[in-house]
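Written below as structure tokens is the structure these notes are about.
The values are calculated or read from the model by the stated rules, or taken from the named source; none is laboratory data. Only a predicted model underlies this, so the values are computations on that prediction, with no experimental measurement involved. All Cβ positions, even for glycine, are placed from backbone atoms using ideal geometry, and neighbour counts span all protein chains on display. Each accessible area value is taken on the protein alone, full model and side chains, heavy atoms only, with ligands, DNA and RNA left out. Shrake-Rupley method; radii C 1.70, N 1.55, O 1.52, S 1.80 Å.
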Amino acid sequence: MNTAKLGGIVHLMTRRNFLGTAIAGGATVLAGGTVFQKLALAVTTSPSQSTFQLGGDLSVNRLGFGAMRLTGGGIWGWPPDRENAKKVLHRALDLGVNLIDTADAYGPETDELLIAEALYPYPKGLVIATKGGLTRPGPGSWVPDCRPERLSQCVDKSLKRLKLERIDVYQLHTVDKKVPIEESVGALKKAQDAGKIRHVGLSNVTTQEIERAKKVMPIVSIQNRYNLTDRESEDVLSYCEKEKMGFLPWAPVGGSGRGSLTKSGNPLEEEAKRHNVSAVQLALAWLLQKSPVMLPIPGTSSLTHLEENMAAAKLQLTPDDWKRIDGALKG
């Protein structure tokens, strides 16, 4: 593993039970030494979470929150427990999240409405990134529609649902094979010129499509599927590193399918037990240390899982840890 890419990250792995204490006290494990050597100091010190300058002017904590799961089954309708969903959003902010990712297709519409219901008026510094370009004929169904005229309407409707005058980051949710990406992005540029959008990102794209879009307007972030077990977008991640663009990996712990690292018997289970952490925490820590442009947005409707996810920001992996993790996956 290229340790230069780790950016001088401290070589330390904490215990899971200590993480709970650290989060409860708002503390972070400090650099160097062992857990026990740093325990007393760690619980009284809270250096800020590592940040990324999104678009050059939006400072976000690198571990964000994906709000997609705050909906009904099939990412359809309102969540079964609406009050709990609002509590999750509030707790995410308490734990240091200031980047929330959503989309008009989540619900559809209910996710954006819920965010506004829970958090408006928004605290200063909160970045809400939303997306448009996918329609929802029914639960579990996703159909692209990135026609410029429709995207213009999507922007206006998201502004209204989120109660915003300007969306900090608006992302094209996908590439519509029926519409050249230049035309889709062109609609977003018009919205930006009108003051409705601050920055534009892309989702589910190739490096070639990013290049085409950048000829129309600046692109600040990319959101592609990426996790420990699915690295097909490695070339896109490398591109983002080179161009200093944010990379938001969706399904950061493998999603809900067979490859999910939340399921028992996953390839990280043994390594996670060795460190007394969960496989999910290990996977998120790996992402954070994989690249300085990585902005994981794990989502959950559970307060307990949210706190466990956020604890991953405290984990530090040594070069030997990296080798064992990769070995477990190749295993």
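In this structure, is LYS160 more than 24 Å from GLY74 (Cα to Cα) and not in a loop (DSSP other than H, G, I, E, B)?
Yes, satisfied.
Would you pick out the residues in the stretch 115-141 that are in a helix (DSSP H, G or I) and surrounded by fewer than 24 Cβ atoms within 10 Å (Cβ to Cβ)?
ALA116, GLU117, ALA118, LEU119
I'd like to check which helices (runs of 4 or more DSSP H) are fully inside the stretch 169-254 and have at least 3 residues that are closer than 25 Å to PRO148 by Cβ.
Here the list reads 181-193, 207-214.
Answer with yes or no whether LYS157 is open to solvent by 70 Å² or more (accessible area, probe 1.4 Å), at positive phi and touching a residue at least 24 places away in the same chain (Cβ under 8 Å).
Values: open to solvent by 70 Å² or more (accessible area, probe 1.4 Å): yes; at positive phi: no; touching a residue at least 24 places away in the same chain (Cβ under 8 Å): yes.
Judged against the criteria, LYS157 is not a match.
Check every one of the helices (runs of 4 or more DSSP H) wholly within the stretch 1-108 and list those with 2 or more residues that are at pLDDT 95 or above and either on the phi > 0 side of the Ramachandran plot or surrounded by fewer than 16 Cβ atoms within 10 Å (Cβ to Cβ) (or both).
Those helices (runs of 4 or more DSSP H) span 82-94.
Can you tell me which residue is most open to solvent (accessible area, probe 1.4 Å) among those in the stretch 142-153 that are touching a helix residue (DSSP H, G or I) at 6+ places or on another chain (Cβ under 9 Å) and part of a helix (DSSP H, G or I)?
GLU149
What about GLY186, is it over 23 Å from the mean Cα position of the chain (by Cα), open to solvent by less than 30 Å² (accessible area, probe 1.4 Å) and not polar (S, T, N, Q)?
In short, yes.
Kindly indicate whether any position in the stretch 212-219 is crowded, with 19+ Cβ neighbours inside 10 Å, out of contact with any His (no Cβ under 7 Å at 6 or more places or on another chain) and farther than 21 Å from GLU165 by Cα.
Yes, some residue in the stretch 212-219 is crowded, with 19+ Cβ neighbours inside 10 Å, out of contact with any His (no Cβ under 7 Å at 6 or more places or on another chain) and farther than 21 Å from GLU165 by Cα.
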